[in-house]
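Student: Please see the structure below; I have some questions.
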Amino acid sequence: MIGEGQIMEAFQGIEQKIAEYVSRAPGVIALPDDAEDSRMTGAVVELLRRSLMETVILFGSVRRGGGLWRLLQRYPSHVLLAEELCPDMSAQLAERLRLAAKYCEEQIAGISCNPYWQAGWLLESGHCHSALAGLSVPTAEVIRAVLGTTGLADGIRTLSGSFLMVREPELFVFADCGVVVRPDPEQLVDIARESVRTFEMLNGEGKIPRVAFLSFSTKGSARHPEALRMQEAARLFRKICPEICSDGELQFDAAYSWDVGKRKASGSAVAGRANVLIFPDLNAGNLAYKIAEKLGGFSAYGPILQGSRKVYSDLSRGASVRDVVVASMLNALRSGLCSAEVAA
């Protein structure tokens, strides 16, 4: 039986709320990772069994008796093979690459047959609502496919990676936790703008986003180039997005704790109430979400790739069946198929 031993336990908390909304408007997702991976077959079963997706597009060669073959047999109307959905997919992708004038013919020959790029092409061409990948390849390969197919959203020049951090009733977005090693002030503004969009996709109880640009300094308490970089990012963000509540630079305790915030940043509309946390570099962001998850009891959902024109997100190579299912649901929310207040 497909997915035997991998049927997930019932969703709880925020996952259950997300699932309820997504099931009202299930969409189409492209999953270009190895369809013979048991995590992939298990996730597809869950997505379809729970009506969290209407259609799943898979890639690869069909081997009789294999996982992909069994999925096609069991769900003939809901599992589609990319090559059959669009027989001239490789040729059309190749032509697009030629028009971009960035690749030689040898590169085009390889890229046009790459399932991660093909998934991006299907997404860009309107054959699916979102794509999700990363079980079989590093994040860098997924990013290359995203940038080479869907490209960046208008006005954004930085792809970034955030995590949705939940310890109910608390909900935060942490960024950048997966892409940009040391963002400059302009990149930090892009990261913050997209992180606000990620926060707003859940619109938890109507909470407004409050953006904190984090540092080891609060409001000039230390004079150092690294603190000044976060000050400048906060200034630029206020100029570009004056309608969004933001402040910086702030130390984490000032951003998180109401009492500390009153002492260190009196009068700030963000101190003690921040829910979108922008870290100064990848070291800080990546460590912070893992510490919050492992020591603080938060659930971490991501990485969520931000900044692309279409919703094409990343998975850890260590992801579980549940991770794939939840990431697929988050993609459905981000692609605009449904909207919800899902935070507790």
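The values are calculated or read from the model by the stated rules, or taken from the named source; none is laboratory data. Since we're looking at a predicted model, the values are computed, not measured. For neighbour counting, all protein chains shown are included, and Cβ atoms are generated from backbone atoms with ideal geometry for every residue, glycine included.
For (1) surrounded by fewer than 24 Cβ atoms within 10 Å (Cβ to Cβ); (2) touching a residue at least 60 places away in the same chain (Cβ under 8 Å); (3) in contact with a Lys or Arg (Cβ under 6 Å, 6 or more places away or on another chain); (4) in the same structural domain as Gly248 (by TED's automatic domain parsing), each residue gets a yes or a no:
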position	(1), (2), (3), (4)
Pro169	yes, yes, no, yes
Val173	no, yes, no, yes
Asp176	no, yes, no, yes
Val180	yes, yes, no, yes
Asp184	yes, no, no, yes
Ala192	no, yes, no, yes
Pro209	yes, yes, no, yes
Ser215	no, yes, no, yes
Thr218	no, no, yes, yes
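Student: Another question about this same structure. Can you tell me which residue is surrounded by the fewest Cβ atoms within 10 Å (Cβ to Cβ) among those in the range 253-262 that are modelled with pLDDT of 90 or more and touching a helix residue (DSSP H, G or I) at 6+ places or on another chain (Cβ under 8 Å)?
Tutor: Taking the candidates together, the pick is Asp253.
Student: Just a yes or no: is a residue in the range 251-261 within 25 Å of the chain's Cα centre (by Cα), aliphatic (A, V, I, L, M) and outside any loop (DSSP other than H, G, I, E, B)?
Tutor: Yes; the residues of the range 251-261 include at least one that is within 25 Å of the chain's Cα centre (by Cα), aliphatic (A, V, I, L, M) and outside any loop (DSSP other than H, G, I, E, B).
Student: Then there's this: Looking only at the range 149-191, how many residues end up being under 14 Å from the mean Cα position of the chain (by Cα) and assigned to a helix (DSSP H, G or I)?
Tutor: Residues meeting the conditions: 1.
Student: State all residues of the range 192-235 that are assigned to a helix (DSSP H, G or I), among the β-branched types (Val, Ile, Thr) and in contact with a helix residue (DSSP H, G or I) (Cβ under 9 Å, 6 or more places away or on another chain); if no residue qualifies, say none.
Tutor: Here is the first cut: in the range 192-235, the ones assigned to a helix (DSSP H, G or I) are 192-200, 204-206, 225-235.
Filter once more, keeping what is among the β-branched types (Val, Ile, Thr): 196, 198.
Correct list: Thr198 only.
Student: Give the residues of the range 303-319 that are modelled with pLDDT under 90 and closer than 19 Å to Leu152 by Cα, sorted by residue number.
Tutor: As a first pass, look at the range 303-319 and keep what is modelled with pLDDT under 90: 303, 316-319.
The one that is modelled with pLDDT under 90 and closer than 19 Å to Leu152 by Cα: Pro303.
Student: List, please: which pairs have Cβ atoms under 7 Å, are six or more places apart or on different chains, and start with a residue in the range 124-145 that is in the same structural domain as Met40 (by TED's automatic domain parsing) and end with one that is in a helix (DSSP H, G or I) and among the hydroxyl-bearing types (Ser, Thr, Tyr)?
Tutor: Glu124/Thr149; Leu132/Ser328; Ala133/Tyr116; Val137/Tyr116; Glu141/Tyr116; Val142/Tyr116; Ala145/Tyr116
Student: Are any of the residues in the range 52-62 polar (S, T, N, Q) and either surrounded by fewer than 13 Cβ atoms within 10 Å (Cβ to Cβ) or closer than 24 Å to Arg334 by Cβ (or both)?
Tutor: In the first step, residues of the range 52-62 are kept if they are polar (S, T, N, Q); the result is 55, 61.
Okay, now just the ones that are also either surrounded by fewer than 13 Cβ atoms within 10 Å (Cβ to Cβ) or closer than 24 Å to Arg334 by Cβ (or both), so 55, 61.
Checking the range 52-62: at least one residue is polar (S, T, N, Q) and either surrounded by fewer than 13 Cβ atoms within 10 Å (Cβ to Cβ) or closer than 24 Å to Arg334 by Cβ (or both).
Student: I'd like to verify a number: residues in the range 70-123 that are among the acidic types (Asp, Glu) and within 25 Å of Ser38 (Cβ to Cβ), how many? Write out each step before concluding.
Tutor: First, pick out the residues of the range 70-123 that are among the acidic types (Asp, Glu): 83-84, 88, 95, 105-106.
Next cut, within 25 Å of Ser38 (Cβ to Cβ) only: 83-84.
Count: 2.
Student: Also, quick follow-up: Starting from the range 104-117, keep only residues that are assigned by TED's automatic domain parsing to the domain that holds Ser136, then list their pairs with residues that are not in a helix (DSSP H, G or I) whose Cβ atoms are within a distance under 7 Å, requiring at least 6 positions of separation or different chains.
Tutor: As it stands, the answer is Ile111/Tyr103; Pro115/Pro32; Pro115/Phe59; Tyr116/Pro32; Tyr116/Ala133; Tyr116/Val137, since those pairs meet every condition given.
Student: Now a separate question. I need every pair where a residue in the range 320-331 that is closer than 11 Å to Ile18 by Cβ and modelled with pLDDT of 90 or more has its Cβ under 8 Å from the Cβ of a residue that is part of a helix (DSSP H, G or I) and among the charged types (D, E, K, R), sequence separation at least 6 or different chains.
Tutor: Taking only residues 6 or more apart or on different chains, the pairs are Val325/Glu46; Val326/Glu15; Met329/Glu15.
Student: Taking Tyr301, is it within 25 Å of Met40 (Cα to Cα) and aromatic (Phe, Trp, Tyr)? Break it down stepwise before answering.
Tutor: Values: within 25 Å of Met40 (Cα to Cα): yes; aromatic (Phe, Trp, Tyr): yes.
So Tyr301 fits the description; yes.
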